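To start, the structure itself, in structure tokens.
The values are calculated or read from the model by the stated rules, or taken from the named source; none is laboratory data. These numbers come from a predicted model, not from an experiment. Counting neighbours? That spans all protein chains shown, and the Cβs are built from the backbone with ideal geometry, glycine included.
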Amino acid sequence: MDVKGLNYSCTSCHVTKAHQISGRCYSQPAPNKHQLALPKDDGERLACESCHSRSPHKKAELLNHHTDKVACQTCHIPSYARGGVFTKMWWDWSTAGKFDETGKAIVKKDEYGNLLFHSKKGDMGWALDVEPEYGWYNGSMSYFRASDKIPQGIEKIEINSLKGDYEDPKARIFPFKIMRGKQPYDPENRTLVIPYLAGKKGTGAYWGEYDWQKAAAVGMREAGLPFSGKVDFIESDMYWPITHMVAPKEQALSCEACHSRNGRLANLDGFYLPGRDRWPWLDRLAWMALGLTLLGLLLHGGLRFISSGRKKGGQS
Amino acid sequence: MKVRLNLYTRFERFWHWFQAFLIIFLLVTGFEVHGSCKIFGYANACSWHNLAGMTLLVLTAFAIFWHLTTGQWRHYRPSFENIQKIIAYYLVGIMRGEHHPFHKSEECKLNPLQALSYLFLKVVLMPLQLGSGLLYYYYNDWLNWGWAARLDGVAFLHTAMAFAVLLFLAVHIYMSTTGGTLFSYTQSMITGWEEVDNGIMNEEKSPIR
């Protein structure tokens, strides 16, 4: 990366030690005040702060005031899938298994060669230069497990969900790609199903027989999990922390990206964000009071003007 | 009888106008940070607001010192004497061309209504605004101070007081036009000299020479 500059390879950050590749997002909390990933702390350098420290802005001290609540990535990765390489945003398994009249697999691609539909995989959606979505994140996630029940009345599940909120001193606002799609699930037991996907005809594999019930029965039996015999589909969200593709500093987000009424953090509630938040009743009340005051002053001034004119007129 | 008095010393005038500039600038940048207007851009508005706020704090420290050492604080002692007459003058008398019931002097240059409103500004509004602003600035250190408050409360106070200061400013500027001519009060705040009616009729012999 940055061949003419730092010329980094993957292992410049993902240092390995005894065949252990450092990586933090999935298993370990992101660095915080007490757990800064400095080489002296754990021998691994993987966070931005490992090299840049927690107060890296030399010319703008005000920006350093943000690093306790806002992750570096939030401002320094203004969008992902930049540079003309598409990223997959949507994968709907429910439409898989459709073939053309001759029984051949249907394959649809867009003008850039992105797969839009495949009989084996269903519908897919792609995007370029995508604005991330943001959430409070303390570095840990909770995962929706194969045995977890989908609550009644829920139309969408979170395959993984973020831990941390504004009150959590370890949590910071972090950017995410949310991979959306539709997954097969068991509507009776209300669990996700593990289908047996790749295999030959006769094994029950989905890509052999294109029968979700059979594929789920085989997969769930192998997994040792109960299966009712029914398969339906449910929408799912999956949070992918965005931490690569850091942009040159000139392209970092401006203040207004978040500090404005309808900025990128418009939906992140539970805390006061200057420029975004206000007390509408206070603003209304105050501007009304100011308006009435100005009206009163105008009236007073007008009366003064008229009465002074009358006096002069009377005198002359 | 009209007399010319030097009511406002050089420091007082400097303090008044510098403070006026800072307060107006703070209001504009503050309301930009609040999201009410777009003038300097958020980053500039924010850092200039902080700079102006800190400058106002220093200026205020000098002003407090000046008030205490020169005894000028005495002008702000609250008094309700004749306050009804003064209110009546501003509501009615001023239209009829009556004379102001209060007569300024070097010993007492603010009318009671004026003294009361300035006192309110100085001991309630400004301390609350400067205090909440300073707290706001040090928001990141609250946890280190062992103070687990949220930003909401301080931000609310700071916003509410900003509106109060804006209201004060509107009325204050209007009141400055109620002198002999529209700009005579403003002029005396620049030169320091003011022509005042000492309340003694021309026909009478003035006891003051």
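Per the listing A:Gly229, A:Gly275, A:Gly270, the residue uniquely within 12 Å of another protein chain (Cβ to nearest Cβ), surrounded by fewer than 16 Cβ atoms within 10 Å (Cβ to Cβ), at positive phi and part of a loop (DSSP other than H, G, I, E, B) is A:Gly270.
Of the residues making up region A:139-179, those that are away from chain B (no Cβ under 14 Å) and either among the acidic types (Asp, Glu) or over 18 Å from the mean Cα position of the chain (by Cα) (or both) number 12.
Only one entry of B:His34, B:His75 meets the criterion of being within 19 Å of B:Tyr137 (Cβ to Cβ) and of a type outside the set (Lys, Arg), and that entry is B:His34. Scanning region A:70-126 for residues that are of a type outside the set (A, V, I, L, M, F, W, C), within 18 Å of A:Trp212 (Cβ to Cβ) and out of contact with any helix residue (DSSP H, G or I) (no Cβ under 8 Å at 6 or more places or on another chain) yields A:Asp92, A:Ser94, A:Thr95, A:Lys98, A:His118, A:Ser119. If you check every pair at least six apart or on different chains, which have Cβ atoms under 7 Å apart with a residue in region A:280-299 that is under 16 Å from B:Ala162 (Cβ atoms) first and a residue that is modelled with pLDDT under 95 and surrounded by 11 or more Cβ atoms within 10 Å (Cβ to Cβ) second? Note: no pairs meet the criteria.
I'd like the residue in region B:23-43 that is touching a helix residue (DSSP H, G or I) at 6+ places or on another chain (Cβ under 7 Å) and more than 20 Å from B:Met54 (Cα to Cα) and, out of all such residues, is surrounded by the most Cβ atoms within 10 Å (Cβ to Cβ). Once the filter is applied, the top-ranked residue is B:Cys37.
The residue of region A:183-231 that is farthest from A:Glu158 (Cα to Cα), among those that are among the β-branched types (Val, Ile, Thr) and more than 31 Å from the chain's Cα centre (by Cα), is A:Thr203.
The residue list A:Leu294, A:Leu285, A:Leu265, A:Leu303 contains one member that is modelled with pLDDT of 95 or more and under 28 Å from B:Arg96 (Cβ atoms), which is A:Leu294. Considering A:Lys104, A:Lys170, the condition of being charged (D, E, K, R), surrounded by 15 or more Cβ atoms within 10 Å (Cβ to Cβ) and at pLDDT below 95 is satisfied by A:Lys170 alone. Of all the criteria given as (1) within 14 Å of chain B (Cβ to nearest Cβ); (2) at pLDDT 95 or above; (3) farther than 30 Å from B:Val154 by Cα, the one not satisfied by A:Arg310 is (2).
Out of region B:75-101, which residues are more than 14 Å from chain A (Cβ to nearest Cβ) and touching a residue at least 60 places away in the same chain (Cβ under 8 Å)? Passing the criteria: none in range. Of the residues in region B:102-112, none is within 14 Å of another protein chain (Cβ to nearest Cβ) and of a type in the set (Ser, Thr, Tyr). A search for C-beta distances below 7 Å between a residue of region B:10-25 that is at positive phi and any residue that is part of a helix (DSSP H, G or I) and surrounded by 14 or more Cβ atoms within 10 Å (Cβ to Cβ), counting only pairs 6+ apart in sequence or on different chains, returns nothing.
When B:Leu68 is tested against (1) surrounded by 13 or more Cβ atoms within 10 Å (Cβ to Cβ); (2) in a helix (DSSP H, G or I), just one condition goes unmet, and that condition is (1). Of the residues making up region B:165-196, those that are facing another protein chain (nearest Cβ under 9 Å), of a type outside the set (A, V, I, L, M, F, W, C) and assigned to a helix (DSSP H, G or I) number 1. Taking region A:46-62 as the range and being within 14 Å of chain B (Cβ to nearest Cβ), more than 17 Å from A:Arg172 (Cα to Cα) and in a loop (DSSP other than H, G, I, E, B) as the test, the residues that pass are A:His57, A:Lys59, A:Ala60.
Just one of the numbered conditions (1) hydrophobic (A, V, I, L, M, F, W, C); (2) exposed (fewer than 12 other Cβ atoms within 10 Å of the Cβ); (3) at pLDDT 80 or above is not true of A:Ala18: (3). Just so you know, in region A:246-264 the residues that are more than 13 Å from chain B (Cβ to nearest Cβ) and within 16 Å of the chain's Cα centre (by Cα) include one that is farthest from A:Cys10 (Cα to Cα), and it is A:Arg264.
Residue by residue through region B:138-164, note down the ones that are assigned to a helix (DSSP H, G or I), among the hydroxyl-bearing types (Ser, Thr, Tyr) and either more than 9 Å from chain A (Cβ to nearest Cβ) or free of Cβ contacts under 8 Å to residues at least 60 places away in the same chain (or both).
B:Tyr139
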